[in-house]
1. With respect to ARG177, is the statement that it is assigned by TED's automatic domain parsing to the domain that holds VAL51, loosely packed, with under 15 Cβ neighbours inside 10 Å and in contact (Cβ under 8 Å) with a residue 60 or more places away in the chain true?
2. Could you run through the stretch 110-130 and say how many residues are farther than 20 Å from ASP72 by Cα and surrounded by fewer than 24 Cβ atoms within 10 Å (Cβ to Cβ)?
3. Which of the residues that make up the stretch 129-157 are at pLDDT 95 or above and not in a helix (DSSP H, G or I)?
4. Within the stretch 9-34, how many residues turn out to be hydrophobic (A, V, I, L, M, F, W, C), over 18 Å from VAL163 (Cβ atoms) and in contact (Cβ under 8 Å) with a residue 40 or more places away in the chain?
5. Please work out which one of (1) part of a helix (DSSP H, G or I); (2) modelled with pLDDT under 90; (3) buried (at least 17 other Cβ atoms within 10 Å of the Cβ) is the condition GLU4 fails and give its number.
6. With the requirement that a residue be charged (D, E, K, R) and either touching a helix residue (DSSP H, G or I) at 6+ places or on another chain (Cβ under 7 Å) or modelled with pLDDT under 95 (or both), what does the stretch 104-128 give you?
7. Whether any residue in the stretch 8-21 is farther than 17 Å from LYS169 by Cβ, buried (at least 17 other Cβ atoms within 10 Å of the Cβ) and in the same structural domain as VAL163 (by TED's automatic domain parsing) is what I want to check.
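The values are calculated or read from the model by the stated rules, or taken from the named source; none is laboratory data. Note that this is a predicted model, so its numbers are computed, not measured. All Cβ positions, even for glycine, are placed from backbone atoms using ideal geometry, and neighbour counts span all protein chains on display.
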Amino acid sequence: MTIENLPACLAVTLKYEGGYSDNRNDRGNWTGGHVGVGTLKGTKYGIAAHVYPALDIKNLTLDDAKSIYERDYWKKVRGDSLPCGVDLATFDAGVMSGPRRGVRWLQGAVGAKQDGIVGNETIAKALAANGKVTIQRICAKRRGFVQSLLSSAHFGKGWSRRVAEVEAKAVTMWLTRGTGQLTEEDRAEIKQHGIAAKKKAVVRGKSAKCAAGLGAGVGIRDTILDHGPGWIVIGGVALLMIGAVVLVIKARHHKERVVAYAAAATC
């Protein structure tokens, strides 16, 4: 629970943020915060034009980026006061979706007032809570949020994979208190989380097939009996199909968690 954990957390985050990108489909690359609005300045080391419209993003140095991360993200989530692992989950969420949103997810996970500002209540409850549960709750909220974004059609798979990997790495940090030295008991616990995720993936996958099959069956039956589906039936079938898609996405999320926890267990 010291600022010394910032480099470890930042190393994880920078793995996903990478170098310079000016993908036109990413709203964060535009100074106006929406695709086609403002100037396409791009993102570098995760420092995006929509947050820093006046910054020369393309020529940003890594040291510049590190200073920004410490000042505008780590300190805002009070990472130096959070438990190991919880700091990573909150920090990475703040980098990807904004510090206030990341803090609200933390606050929701520990039962604190969700005002987006880390105060004494948030810190006290974060310290008293089970860190592993806190991390998993934060990441569950993240998955739901990023999947709801319109740009998830372009970036959704990468985002959800990142959340799964950050979850597993954060849990590992919490178990080892930041030392990175896993005991056999730690490895067994991490593997159990992978097994639980696999079970959820199977359940969601089966449910998705059932929902899709039921929707198709209702539509075909109504067509045969009534010589054309009515609007009520069409609506019902549409809802079943949408539900099936949502379940498929959730199944994929849990499969990504399986892979992430398996990788974490071998570190």
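1. Judged against the criteria, ARG177 is a match.
2. Result for the stretch 110-130: 11.
3. Listed by number, the residues that qualify are ALA129, ASN130.
4. 0
5. (3)
6. Hits for the stretch 104-128 are LYS113, LYS125.
7. Checked against the condition, which is being farther than 17 Å from LYS169 by Cβ, buried (at least 17 other Cβ atoms within 10 Å of the Cβ) and in the same structural domain as VAL163 (by TED's automatic domain parsing), the stretch 8-21 yields no hits at all.
Yes/no matrix, rows are residues, columns are (1) surrounded by 17 or more Cβ atoms within 10 Å (Cβ to Cβ); (2) closer than 27 Å to THR39 by Cα; (3) in contact with a Gly (Cβ under 7 Å, 6 or more places away or on another chain):
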{"residue": "THR61", "(1), (2), (3)": "no, yes, no"}
{"residue": "TYR73", "(1), (2), (3)": "yes, yes, yes"}
{"residue": "VAL77", "(1), (2), (3)": "yes, no, yes"}
{"residue": "VAL86", "(1), (2), (3)": "yes, no, yes"}
{"residue": "VAL95", "(1), (2), (3)": "yes, yes, yes"}
